[in-house]
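Visitor: One structure is given below, represented as structure tokens, and several questions about it will come after.
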Amino acid sequence: MTSLFALDHAAFLQPRCSLCWRTGPAAALDASADSLRAAAREHLTAVHPGAPDDAVEIEPGRAVIGWDGIEPPHEWHNRVFPPTW
């Protein structure tokens, strides 16, 4: 599935489960992919036992209206739109 935002316009990365459409915590663009995959694996193990790792997609995201630029966009996103995992 193609994301609505191209990676070159992204402000952060966020995992999304394709089984329940819930989102994980957003991370900075330069964050380790391993930390995002670990969070995804924890979610799948707890909520969807036996689901393959590719059930979670790492998507680029952008800060939306309301972000004032004071804090990093991924921290703002996690505060304003808390992860649902």
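The values are calculated or read from the model by the stated rules, or taken from the named source; none is laboratory data. No experiment lies behind these values; they were computed from the predicted model shown. Glycine gets a Cβ as well: all are built from the backbone with ideal geometry, and neighbour counts include every protein chain shown. For accessibility, only protein heavy atoms count, side chains too; no ligands or nucleic acids. Shrake-Rupley method; radii C 1.70, N 1.55, O 1.52, S 1.80 Å.
Visitor: By its C-alpha gyration tensor, with a ≥ b ≥ c as the square roots of the eigenvalues, how is region 35-85 shaped: rounded for a/c under 1.5, else prolate for a/b larger than b/c, else oblate?
Guide: prolate
Visitor: Can you give the calculated 222 nm mean residue ellipticity of the chain, where each DSSP H run of n ≥ 4 adds -39,500 (n - 2.57) and the sum is split over every residue, rounded to the nearest 500 deg cm²/dmol?
Guide: On the way: 2 runs with 23 residues, N = 85.
That calculation yields -8500 deg cm²/dmol at 222 nm.
Visitor: Then there's this: Give the accessible surface of the chain per residue, rounded to a whole number of Å², with probe radius 1.4 Å and ligands, DNA and RNA excluded. It would help to have the intermediate numbers written out before the result.
Guide: Values: 5370 Å² over 85 residues.
Value returned for the chain: 63 Å² of accessible area per residue.
Visitor: Still on this structure: Can you tell which of Pro83, Ala26, His48 lies farthest toward the positive end of the dipole of the chain, using +1 and -1 charges on the Cβ of basic and acidic side chains (Lys, Arg; Asp, Glu)?
Guide: Positive-most Cα among the choices belongs to His48.
Visitor: Considering Cα pairs under 8 angstrom that are at least six residues apart, work out the relative contact order of region 3-75 and quote it in whole percent.
Guide: 44
Visitor: While we're on this one: Computing the accessible area with a 1.4 Å probe over protein heavy atoms, can you report the carbon and sulfur percentage for the chain?
Guide: 58
Visitor: Given +1 on the Cβ of Lys and Arg, -1 on the Cβ of Asp and Glu, and no further charges, what dipole in debye does the chain carry about its Cα centre, rounded to the nearest 20?
Guide: Value, rounded to 20: 260 debye.
Visitor: Let me ask you something else. Can you give the convex hull volume of the alpha carbon atoms of the chain per residue, in Å³?
Guide: 93
Visitor: Relative to the present Cα-Cα distance, how much length would full extension add between Leu29 and Glu71 at 0.36 nm per residue of separation?
Guide: Working it through step by step, the gained length comes to 13.7 nm.
Visitor: For Thr45, what accessible surface area do you get with a 1.4 Å probe? Give it in Å², rounded to 10.
Guide: Roughly 80 Å² of Thr45 is accessible to a 1.4 Å probe.
Visitor: So how tilted is helix 33-47 from the main axis of the chain? Cα-based, degrees 0 to 90, rounded to 10.
Guide: So the inclination is approximately 50 degrees.
Visitor: Looking at the calculated P(r) for region 20-63, what percent of the C-alpha pair distances fall above 15 Å?
Guide: Roughly 39 percent, rounded to a whole number.
Visitor: Within 15 Å, Cβ to Cβ, of Trp76, how many net charges do the neighbouring residues add up to if Lys/Arg are +1 and Asp/Glu are -1?
Guide: Residues close to Trp76 contribute a combined charge of -1.
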